[in-house]
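Trainee: Below you'll find the structure I mean.
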Amino acid sequence: MKRSLTPILAAALLLSISACNDTSKSSVDMAQTDSTSTGLQLDSTKFQKEIDGKKTNLYILKNKNNMQAAFTNYGGRLVSLLVPDSTGKLVDVVPGFGSVDGFVQSTEPYFGATIGRYGNRIAKGKFTLDGKEYTLATNNGQNTLHGGKKGYQYVVWDAKQPNGHTLELSYLSKDMEEGFPGNLNVKVIYSLTDDNELKMDYEATTDKKTVVNLTNHAYFNLNGEGSGSILNHVLQIYADQYTPVDTTLIPLGKNVPVASTPFDFINPTTIGKRIDAVNEQLTAGKGYDHNFVLNGTKGLGMIHAATLKGDKSGIVMDVYTEEPGLQFYSGNFMQSKNKFKGGATDDFRTALALETQHFPDSPNQPNFPSTVLNPGKVYKTSTVYKFSK
Ligand code: BGC
């Protein structure tokens, strides 16, 4: 990986820093100004656009260990995450694009995005609240996926950067947007701590009863963007059960034990070991694309959800969450149609997602934990991706 910026890129980045300062009217941490010396290869001018009458930009967080996270408010997206490997070299573990246009044009809509109003699928785009049936925009065959046709990945969030390690994004999702009832005020706070944690704190309030399931759809390759398959990554998921699905990836209604199935990741296991096993669930997902029911006592803070290790880099990522589920998606629909910031294409299974969330189709599944949000209540949930080597 090239580790220095050209003078043009460096100048562009500095320009953007003052632009960020103007829009957010907040102080920009010193950390941003020396990002040129630590390998961030993004040209911030390529993130400065106007979409739906709102300005987009690039925002950078840094910690004392040289970790750097870059975001754009277009889709509330994580664009890049530089993590030191065992030799201290910075590795970009989040495949993404080098411009807003890259995200706009991508055939895969969800790279790094904040997902809402409802992460994962809702069967046939319909659900009922208090006897009233709501019909959503469908965008995944007959189902609604990740909030509908124009989910939160395609909206411009308001951004504030109070300091060099925090970014606050907010968005008003209007009543009946994509068919969901209620004006939903959504906030996502991203923080990068000196313990190498990328923290995502979500908050939402509504003025009408609605359903909410927010998550982030960062794709990870712990060996680095463009470094090939994730099949040799080693994964551990702290879940004794998972949620079998039909051929449209809608839950069959019951969670079942992972024991004696290719879904048993209780002990660290190489992802590729059983991904091609003869198994009707793996056939349905074209690989792993399933919800895991996390062990641990819900409502008592963070649960350790998963540990992922990059086989080449030695980088370890631990996922902690307050959510009851984790969607493990092994990049089965990646089709080499889009070009990442470093030049590689998004080839089959070269990145994976670990999406913390409530279970798929919960609004239609009475046995699953509820995703209903009432007026006067605050939806609040946090997820942490912690890095070590
Ligand atoms: C879904 C996949 C989908 C992917 C990317 C995941 O959360 O479960 O089925 O292909 O997102 O769009």
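Trainee: Beyond 17 Å, what share of the Cα-Cα pairs of region 229-306 remains, rounded to the nearest whole percent?
Mentor: Here the long-distance tail beyond 17 Å is 47 percent of all Cα pairs in region 229-306.
Trainee: Moving to a separate point now. Please find the FRET efficiency linking Asn267 to Thr128, where r is the Cβ-Cβ separation and R0 is fixed at 25 Å, and quote it to the nearest 0.05.
Mentor: 0.05
Trainee: Moving to a separate point now. Just how large is the dipole of the chain about the Cα centre, in debye to the nearest 20, putting +1 at every Lys and Arg Cβ and -1 at every Asp and Glu Cβ?
Mentor: About 280 debye.
Trainee: Could you give the accessible area per residue of the chain, probe 1.4 Å, as a whole number in Å²?
Mentor: Using a 1.4 Å probe on heavy atoms only, each residue of the chain averages 39 Å².
Trainee: Now a separate question. Once you keep just the Cα pairs under 8 angstrom separated by 6 or more residues, what percentage relative contact order results for region 113-242?
Mentor: It comes to 23 percent, rounded to a whole number.
Trainee: Can you find, among Gly310, Phe340, Phe328, the residue sitting farthest towards the positive end of the charge dipole of region 297-346, where Lys and Arg contribute +1 and Asp and Glu -1 at Cβ?
Mentor: In region 297-346, that residue is Phe340.
Trainee: If eta is 0.890 mPa s and T is 25 °C, what Stokes-Einstein diffusion coefficient results for the chain, Kirkwood Rh from Cα pairs, in µm²/s?
Mentor: 117 µm²/s
Trainee: Which whole-number percent is the relative contact order of the chain (Cα, under 8 Å, 6+ apart)?
Mentor: 16 percent
Trainee: Sticking with this structure for a sec: Quote the accessible area belonging to Glu108 in square angstrom, nearest 10, computed with a 1.4 Å probe and with ligands, DNA and RNA left uncounted.
Mentor: For Glu108, the solvent-accessible surface is approximately 40 Å².
Trainee: Hey, another quick one. Before anything else, pin down the relative contact order of region 237-389: Cα pairs under 8 Å, at least 6 apart, normalised by residue count, whole percent.
Mentor: Computed value for region 237-389: 21 percent relative contact order.
Trainee: Another question, then. Heavy atoms only, probe 1.4 Å: what % of the accessible area of the chain goes to carbon and sulfur, would you let me know?
Mentor: 51 percent
Trainee: Another question about this same structure. Please give the FRET efficiency for Thr345 paired with Asp311, using the beta carbon to beta carbon distance and R0 = 25 Å, rounded to the nearest 0.05.
Mentor: Efficiency for this residue pair is about 0.75.
Trainee: While we're here: Name the most mobile residue of Arg117, Arg77, Arg274, meaning the one with the largest mean-square fluctuation, in a Gaussian network model of the chain with Cα contacts below 10 Å.
Mentor: Looking only at Arg117, Arg77, Arg274, the largest GNM fluctuation is found for Arg274.
Trainee: Related question: Take the Cα of Val104, step 7 Å along the line toward its Cβ, and report every residue of region 48-68 whose backbone nitrogen sits under 16 Å from that point.
Mentor: 48-58
Trainee: Largest first, what is the accessible-area ranking of Val91, Val234 with a 1.4 Å probe?
Mentor: Sorted descending by solvent-accessible area, the residues read Val234, Val91.
Trainee: 222 nm [θ] for the chain, helices only, -39500 (n - 2.57) per DSSP H run of 4+, per residue, to 500?
Mentor: Mean residue ellipticity at 222 nm (helix-derived): -2500 deg cm²/dmol.
Trainee: Enter the mean projected area of the convex hull around the alpha-carbon atoms of region 163-294, in nm², rounded to one decimal.
Mentor: In nm², the orientation-averaged hull projection of region 163-294 is 11.1.
The values are calculated or read from the model by the stated rules, or taken from the named source; none is laboratory data. What you are looking at is a predicted structure, and each value in this text was computed from that prediction instead of being measured. Note: ideal-geometry Cβ built from the backbone for every residue, glycine included; neighbour counts use all protein chains shown. When the accessible area is computed, the model is the full protein with side chains, heavy atoms only, and any ligands, DNA or RNA have been set aside. Shrake-Rupley method; radii C 1.70, N 1.55, O 1.52, S 1.80 Å.
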